[in-house]
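The values are calculated or read from the model by the stated rules, or taken from the named source; none is laboratory data. Keep in mind it's a predicted model, so treat the numbers as computed, not measured. Positions of Cβ are generated from backbone atoms using ideal geometry, with glycine treated the same way; all protein chains shown enter the neighbour counts.
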Amino acid sequence: MIRAVLDACVLYPPVLRGLLLGADLAGLYRAQWSDRIIEEWLRATRKLGPAAEAAARLEAALIARAHPSAHLPAAPQIEARLILPDENDRHVLAVAIAGSSDAIITLNAADFPRGLLAGEGVARRDPDGFLWEIFSHHPDTMGAIVDEVHARAESMAGAAVSKKALLKRAGCPRLAKAMGL
(Lines give C-alpha, C1' and ligand atoms only; values in the text may rest on other atoms or scores of the structure.)
Protein backbone atom coordinates (compact mmCIF):
# COMPACT_ATOMS: atom_id res chain seq x y z
CA MET A 1 0.00 0.00 0.00
CA ILE A 2 1.28 3.46 -0.88
CA ARG A 3 2.28 5.62 2.08
CA ALA A 4 2.12 9.35 1.42
CA VAL A 5 2.90 12.36 3.60
CA LEU A 6 0.29 15.09 3.16
CA ASP A 7 1.85 18.54 3.05
CA ALA A 8 -0.02 21.30 4.92
CA CYS A 9 -1.02 22.96 1.64
CA VAL A 10 -3.21 19.96 0.70
CA LEU A 11 -4.79 19.80 4.15
CA TYR A 12 -5.86 23.44 4.15
CA PRO A 13 -8.55 23.36 1.40
CA PRO A 14 -11.57 21.50 2.85
CA VAL A 15 -12.58 19.71 -0.36
CA LEU A 16 -9.06 18.48 -1.09
CA ARG A 17 -8.63 17.46 2.54
CA GLY A 18 -11.92 15.55 2.42
CA LEU A 19 -10.94 13.69 -0.74
CA LEU A 20 -7.49 12.73 0.51
CA LEU A 21 -8.64 11.73 3.99
CA GLY A 22 -11.63 9.86 2.58
CA ALA A 23 -9.33 7.81 0.36
CA ASP A 24 -7.16 7.03 3.38
CA LEU A 25 -10.15 5.93 5.47
CA ALA A 26 -11.28 3.71 2.57
CA GLY A 27 -7.88 1.98 2.65
CA LEU A 28 -6.83 3.19 -0.82
CA TYR A 29 -3.50 4.47 0.50
CA ARG A 30 -1.99 5.34 3.87
CA ALA A 31 -1.90 9.04 4.76
CA GLN A 32 0.90 10.30 6.98
CA TRP A 33 1.77 13.61 8.66
CA SER A 34 3.54 15.08 11.66
CA ASP A 35 2.42 17.46 14.38
CA ARG A 36 4.34 20.25 12.63
CA ILE A 37 2.49 19.67 9.35
CA ILE A 38 -0.84 19.83 11.17
CA GLU A 39 0.27 23.01 12.98
CA GLU A 40 1.17 24.61 9.62
CA TRP A 41 -2.36 23.87 8.38
CA LEU A 42 -3.88 25.29 11.55
CA ARG A 43 -1.71 28.44 11.42
CA ALA A 44 -2.88 29.02 7.84
CA THR A 45 -6.47 29.16 9.10
CA ARG A 46 -5.63 32.09 11.40
CA LYS A 47 -5.97 34.50 8.49
CA LEU A 48 -9.65 33.55 8.41
CA GLY A 49 -10.15 34.62 12.01
CA PRO A 50 -10.24 33.07 15.48
CA ALA A 51 -13.46 31.15 14.86
CA ALA A 52 -12.00 29.49 11.76
CA GLU A 53 -8.85 28.51 13.63
CA ALA A 54 -10.90 27.08 16.51
CA ALA A 55 -13.03 25.07 14.07
CA ALA A 56 -9.88 23.81 12.34
CA ARG A 57 -8.37 22.77 15.68
CA LEU A 58 -11.51 20.80 16.48
CA GLU A 59 -11.41 19.18 13.04
CA ALA A 60 -7.72 18.35 13.49
CA ALA A 61 -8.55 16.55 16.76
CA LEU A 62 -11.31 14.57 15.03
CA ILE A 63 -8.96 13.74 12.15
CA ALA A 64 -6.29 12.53 14.58
CA ARG A 65 -8.85 10.23 16.21
CA ALA A 66 -10.09 8.90 12.84
CA HIS A 67 -6.57 8.40 11.42
CA PRO A 68 -4.48 7.21 14.40
CA SER A 69 -1.82 5.51 12.28
CA ALA A 70 -1.19 8.64 10.19
CA HIS A 71 0.86 10.44 12.83
CA LEU A 72 4.63 10.30 12.41
CA PRO A 73 7.12 11.71 14.91
CA ALA A 74 9.44 14.55 13.97
CA ALA A 75 12.82 13.52 12.58
CA PRO A 76 15.22 16.36 13.48
CA GLN A 77 18.35 14.27 12.88
CA ILE A 78 17.27 13.61 9.29
CA GLU A 79 16.01 17.17 8.81
CA ALA A 80 19.43 18.57 9.79
CA ARG A 81 21.16 16.89 6.82
CA LEU A 82 18.60 17.86 4.17
CA ILE A 83 18.86 20.70 1.68
CA LEU A 84 15.72 21.98 -0.06
CA PRO A 85 14.96 25.29 -1.80
CA ASP A 86 12.87 26.32 1.21
CA GLU A 87 14.48 25.22 4.45
CA ASN A 88 11.06 25.45 6.14
CA ASP A 89 10.00 22.39 4.12
CA ARG A 90 12.85 20.13 5.23
CA HIS A 91 10.74 18.77 8.07
CA VAL A 92 8.19 17.39 5.55
CA LEU A 93 10.83 15.43 3.65
CA ALA A 94 12.47 14.32 6.91
CA VAL A 95 9.18 12.89 8.16
CA ALA A 96 8.63 11.16 4.80
CA ILE A 97 12.07 9.54 4.99
CA ALA A 98 11.65 8.51 8.63
CA GLY A 99 8.18 7.10 7.90
CA SER A 100 9.34 5.13 4.85
CA SER A 101 6.84 7.11 2.80
CA ASP A 102 6.57 6.54 -0.92
CA ALA A 103 5.51 10.10 -1.71
CA ILE A 104 4.79 13.61 -0.54
CA ILE A 105 1.46 14.97 -1.73
CA THR A 106 1.94 18.70 -2.26
CA LEU A 107 1.02 21.68 -4.40
CA ASN A 108 4.50 23.14 -3.90
CA ALA A 109 6.47 21.58 -6.75
CA ALA A 110 9.26 24.18 -6.62
CA ASP A 111 9.94 23.46 -2.94
CA PHE A 112 10.28 19.70 -3.47
CA PRO A 113 12.53 19.06 -6.51
CA ARG A 114 11.92 15.58 -7.89
CA GLY A 115 15.65 14.82 -8.19
CA LEU A 116 16.38 15.62 -4.56
CA LEU A 117 13.39 13.61 -3.39
CA ALA A 118 14.25 10.66 -5.65
CA GLY A 119 17.69 10.53 -4.03
CA GLU A 120 15.87 9.88 -0.75
CA GLY A 121 13.47 7.33 -2.26
CA VAL A 122 10.46 9.66 -2.11
CA ALA A 123 8.31 10.88 -5.00
CA ARG A 124 6.55 14.22 -5.24
CA ARG A 125 2.92 13.88 -6.26
CA ASP A 126 0.37 16.56 -7.03
CA PRO A 127 -3.00 15.84 -5.38
CA ASP A 128 -4.98 15.82 -8.65
CA GLY A 129 -2.71 13.25 -10.30
CA PHE A 130 -2.61 11.19 -7.12
CA LEU A 131 -6.40 11.15 -6.74
CA TRP A 132 -6.83 10.50 -10.47
CA GLU A 133 -4.56 7.45 -10.14
CA ILE A 134 -6.52 6.16 -7.16
CA PHE A 135 -9.78 6.69 -9.08
CA SER A 136 -8.40 4.77 -12.07
CA HIS A 137 -7.84 1.71 -9.86
CA HIS A 138 -10.86 2.11 -7.55
CA PRO A 139 -13.54 4.07 -9.44
CA ASP A 140 -16.50 2.97 -7.33
CA THR A 141 -14.87 3.65 -3.98
CA MET A 142 -13.34 6.95 -5.06
CA GLY A 143 -16.63 7.94 -6.72
CA ALA A 144 -18.42 7.38 -3.42
CA ILE A 145 -15.82 9.52 -1.62
CA VAL A 146 -16.33 12.33 -4.14
CA ASP A 147 -20.11 12.02 -3.67
CA GLU A 148 -19.71 12.30 0.11
CA VAL A 149 -17.44 15.36 -0.12
CA HIS A 150 -19.82 16.91 -2.65
CA ALA A 151 -22.83 16.34 -0.38
CA ARG A 152 -20.95 17.91 2.54
CA ALA A 153 -20.06 20.94 0.39
CA GLU A 154 -23.69 21.37 -0.68
CA SER A 155 -24.84 21.08 2.92
CA MET A 156 -22.36 23.74 4.02
CA ALA A 157 -23.31 26.01 1.11
CA GLY A 158 -27.03 25.49 1.66
CA ALA A 159 -27.46 25.26 -2.10
CA ALA A 160 -26.68 23.07 -5.08
CA VAL A 161 -23.02 22.99 -6.06
CA SER A 162 -21.77 21.61 -9.36
CA LYS A 163 -19.61 18.55 -8.68
CA LYS A 164 -17.41 19.40 -11.67
CA ALA A 165 -16.93 22.99 -10.48
CA LEU A 166 -16.24 21.78 -6.94
CA LEU A 167 -13.47 19.45 -8.10
CA LYS A 168 -11.98 22.06 -10.41
CA ARG A 169 -11.94 24.68 -7.62
CA ALA A 170 -10.22 22.08 -5.45
CA GLY A 171 -7.51 21.76 -8.10
CA CYS A 172 -8.66 18.37 -9.35
CA PRO A 173 -9.61 18.85 -13.02
CA ARG A 174 -8.09 15.50 -14.08
CA LEU A 175 -10.17 13.69 -11.47
CA ALA A 176 -13.30 15.52 -12.66
CA LYS A 177 -12.58 14.59 -16.28
CA ALA A 178 -11.88 10.95 -15.38
CA MET A 179 -15.25 10.85 -13.62
CA GLY A 180 -16.93 12.10 -16.79
CA LEU A 181 -17.87 15.46 -15.30
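Determine the pairs where a residue that is touching a residue at least 40 places away in the same chain (Cβ under 8 Å), located within the stretch 35-53, has a partner that is among the charged types (D, E, K, R) with Cβ atoms under 9 Å apart, the partner being 6 or more residues away or on another chain. Hits for this filter: Ile37/Asp7. Criterion applied to Arg114, Arg124 was being touching a strand residue (DSSP E or B) at 6+ places or on another chain (Cβ under 6 Å) and surrounded by fewer than 18 Cβ atoms within 10 Å (Cβ to Cβ), and the one residue passing it is Arg114. In the set Gly22, Gly27, only one residue is under 19 Å from Ala153 (Cβ atoms) and either out of contact with any strand residue (DSSP E or B) (no Cβ under 9 Å at 6 or more places or on another chain) or modelled with pLDDT of 95 or more (or both); that residue is Gly22. Residues of the stretch 12-62 that are in a loop (DSSP other than H, G, I, E, B) and more than 17 Å from Glu133 (Cα to Cα): Tyr12, Pro13, Ser34, Gly49. Of all the listed residues (Ser136, Ser100), the sole one being in contact (Cβ under 8 Å) with a residue 40 or more places away in the chain, outside any helix (DSSP H, G or I) and either touching a His at 6+ places or on another chain (Cβ under 8 Å) or not hydrophobic (A, V, I, L, M, F, W, C) (or both) is Ser100. Out of curiosity, is His137 exposed (fewer than 13 other Cβ atoms within 10 Å of the Cβ) and not assigned by TED's automatic domain parsing to the domain that holds Gly22? Answer is yes for this residue.
Conditions tested, residue by residue: (1) among the aliphatic types (A, V, I, L, M); (2) at pLDDT 95 or above.
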| site | (1), (2) |
| --- | --- |
| Ala44 | yes, no |
| Lys47 | no, no |
| Ala51 | yes, no |
| Asp86 | no, no |
| Val92 | yes, yes |
| Ala96 | yes, yes |
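Can you go through Ala98, Ala103, Ala94 and tell me which one is in contact with an Asp or Glu (Cβ under 8 Å, 6 or more places away or on another chain), surrounded by 16 or more Cβ atoms within 10 Å (Cβ to Cβ) and of a type outside the set (Phe, Trp, Tyr)? Matching residue, one of Ala98, Ala103, Ala94: Ala94.
In the set (1) in the same structural domain as Leu20 (by TED's automatic domain parsing); (2) over 18 Å from the mean Cα position of the chain (by Cα); (3) not hydrophobic (A, V, I, L, M, F, W, C), the condition left unmet by Gly99 is number (2).
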